[in-house]
1. In the stretch B:103-115, which residue that is out of contact with any Lys or Arg (no Cβ under 7 Å at 6 or more places or on another chain) and under 20 Å from B:K66 (Cβ atoms) is farthest from the other protein chains (Cβ to nearest Cβ)?
2. Checking the condition surrounded by fewer than 19 Cβ atoms within 10 Å (Cβ to Cβ), at positive phi and modelled with pLDDT under 95, which residue from A:S52, A:S28, A:S96 passes?
3. Just the residues that are in contact with a Ser or Thr (Cβ under 9 Å, 6 or more places away or on another chain), under 29 Å from A:L109 (Cβ atoms) and surrounded by 12 or more Cβ atoms within 10 Å (Cβ to Cβ), please, taken from the stretch B:27-43.
4. Residue check: is A:K37 within 14 Å of chain B (Cβ to nearest Cβ) and farther than 20 Å from B:L46 by Cα?
5. Report the residue count in the stretch B:103-115 for those that are of a type outside the set (S, T, N, Q), surrounded by 15 or more Cβ atoms within 10 Å (Cβ to Cβ) and over 11 Å from the mean Cα position of the chain (by Cα).
6. Give the residues of the stretch B:60-102 that are within 11 Å of chain A (Cβ to nearest Cβ), more than 12 Å from the chain's Cα centre (by Cα) and either surrounded by 14 or more Cβ atoms within 10 Å (Cβ to Cβ) or under 23 Å from B:C13 (Cβ atoms) (or both), sorted by residue number.
7. Quick one: is A:S30 within 27 Å of B:S50 (Cβ to Cβ) and either assigned to a loop (DSSP other than H, G, I, E, B) or away from every other protein chain (no Cβ under 11 Å) (or both)?
8. Can you name the condition, by its number, that A:F103 falls short on among (1) surrounded by fewer than 19 Cβ atoms within 10 Å (Cβ to Cβ); (2) at pLDDT below 95; (3) within 13 Å of chain B (Cβ to nearest Cβ)?
Amino acid sequence: GENVEQHPSTLSVQEGDSAVIKCTYSDSASNYFPWYKQELGKGPQLIIDIRSNVGEKKDQRIAVTLNKTAKHFSLHITETQPEDSAVYFCAASMNSGNTPLVFGKGTRLSVIA
Amino acid sequence: GAVVSQHPSWVICKSGTSVKIECRSLDFQATTMFWYRQFPKQSLMLMATSNEGSKATYEQGVEKDKFLINHASLTLSTLTVTSAHPEDSSFYICSATGTLVEKLFFGSGTQLSVL
């Protein structure tokens, strides 16, 4: 089955700097890669996603890149703000949201003011 | 994005009692709902997949008689933890998707504490 590895497990950046979180997946059949942000005591919130027919997607300060050949995808957050501090999870699945997502172990991002 | 409502947000119960958690899709028809469990500082672990009108499919190691899942309508799924014990204490999160949504949206989670 699919296995998703996520790095780093923790990340601290200064406010205004960029943050990059990387994930790799094992199953070449996976074609949907969402990123979720989870704040303490809350459910994960979808922040951006990318499908395998696209190499890059951007939404304001957030961008995701996908390298199908290498089977890895990354989350980029620019101009970080304290409210970006949270746990971020990458995930992969074979059919958008209709099949179970396999999650990475999460990255705890701390943005220091 | 689509809205998934989950209740209660937290519950404390005595060992041996049962607890029901509700998950509702508010603005779309949820043909599929997933239930996850999350321990502190860990990732989400899939417990079961439920399709509307069908029996839930449980992941290996998840007791179907202990974690009863009902998905009787396109907007509501429930998870009942039967005869709860302290080791069942955890953060339970539902998620939902539909044919017109094609993305997975999560509820706000339920923190269960069994005394």
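1. Filtering first and then ranking leaves B:V114.
2. Values: A:S52 fails: at positive phi; A:S28 fails: at positive phi.
The match here is A:S96.
3. Matches in the stretch B:27-43: B:M33, B:F34, B:W35, B:Y36, B:R37, B:Q38.
4. Details: within 14 Å of chain B (Cβ to nearest Cβ): yes; farther than 20 Å from B:L46 by Cα: no.
So A:K37 does not fit the description; no.
5. At the first step, the residues of the stretch B:103-115 found to be of a type outside the set (S, T, N, Q) are B:103-107, B:109, B:112, B:114-115.
Those still in the list that are surrounded by 15 or more Cβ atoms within 10 Å (Cβ to Cβ) too: B:103-107, B:109, B:112, B:114.
Right, trim to over 11 Å from the mean Cα position of the chain (by Cα) and you get B:103-105, B:112, B:114.
Of the residues in that region, 5 qualify.
6. If the condition is that a residue be within 11 Å of chain A (Cβ to nearest Cβ), more than 12 Å from the chain's Cα centre (by Cα) and either surrounded by 14 or more Cβ atoms within 10 Å (Cβ to Cβ) or under 23 Å from B:C13 (Cβ atoms) (or both), then B:T97, B:G98, B:V101, B:E102 are the ones that fit.
7. Values: within 27 Å of B:S50 (Cβ to Cβ): yes; either assigned to a loop (DSSP other than H, G, I, E, B) or away from every other protein chain (no Cβ under 11 Å) (or both): yes.
Yes.
8. Here A:F103 meets the rest and fails (1).
The values are calculated or read from the model by the stated rules, or taken from the named source; none is laboratory data. Everything numeric in this text was worked out from a predicted model, so none of it was measured. When we count neighbours, we look across all protein chains shown, and the Cβ atoms used for this are built from the backbone with ideal geometry, even at glycine.
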